[in-house]
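Read the figures in this text as sums done on the coordinates, not as results from a lab. Just so we're clear, the structure is a prediction, and the values are computed from it rather than from any experiment. FYI the Cβ positions are ideal-geometry reconstructions off the backbone, even for glycines, and counts take in every protein chain you see.
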Amino acid sequence: MSSNGSMYRPQNCHQPSEYDSSTAAHYGQPKTANTYGGDDYSVPKPQSAPLNNGFFSSQSAFYGSSNPAPSGMGFVSNNAFLNVGFNVVEQGMRDITGKTVNMLPNEMKKSLSSIKYYFAVDQTYVFKKLCLILFPFRPRNWSLGYSADEPVPPRIDSNAPDYYIPLMSAITYVLVAGLVLGMKKKFTPEQLGMHATSALVWNVIETSILCLTFYIFNIRSKLRTLDLIAFCGYKYVGMIVALLSYFITDSLFVYRCALLYVSIALSYFLVKSLRLQILPDVGGSQTYSPNGNSRRIYLLLAIVLIQPLFIWYLTRHLIVA
């Protein structure tokens, strides 16, 4: 400050007019120059953070990095040592499974492979089979298809028996029975287990009696025990139709009409399906005595007529409960 009270201002300080060209090109700023003693110098400004920088942004400066941490699955998939370990464990499990299967008796191996045959189905087969069980009156070829003396899988031949439809229909029967009991305000959780056990026990009893009948009368046929189990399991489809007709209409008359129809349809279906496997082939090389033929006819009628009785017995107690 001067003696006259005015503020002292330096005379030789000038505002920089431009930067050095190289510095301006580097920082992306306009050039400003200043001269002290005739020499130009550049005043760099701090570089601002890029807006689209994945490692630094205005948000990440306050909240932290915006990039998510690598997930555990990505770490596992990119870890070569873990992948090698998983491959070793998988190979070891395959070896153990293969050795276990090889230790089983040959008869058990054949049984396991035979059961797989009955589950070789697809959606087209299931639809055609259900239509065939409920509407079997259309003329068609009922003989089974064979390839190299072995029956073709069910997904190829709709006449072949399967286990998928009997299993799923038995489970559906238990659920529909619960709906009917719920409509009558008599449902309890224990009822589902009781009906499932009852359906299983009666199916075992039915199959055992039929197999015992085959053995006592010494009847040889193309029908295998596994095929017989499948054909006896198709009655659950008719039971579901009968129960659903009562559940929808709440009418005993509709239930009885549905019961009569599914009984006739299932009997016709079983006669057409089992006739070629139980009765002797007229043009075949095997010959049977008249008594043997009559026993086969009676056995076929027994299998056919016992199915409607089971349908009536396993559904009527739900209707009149």
Fill in: Simple Cβ-charge dipole of the stretch 156-255, Lys/Arg +1 and Asp/Glu -1, about Cα centre, in debye nearest 20
160
Fill in: For the stretch 241-249, Karplus couplings with θ = phi - 60° (6.51, -1.76, 1.60), whole Hz, Gly/Pro x
4, 5, 5, 5, 4, 6, 5, 7, 9
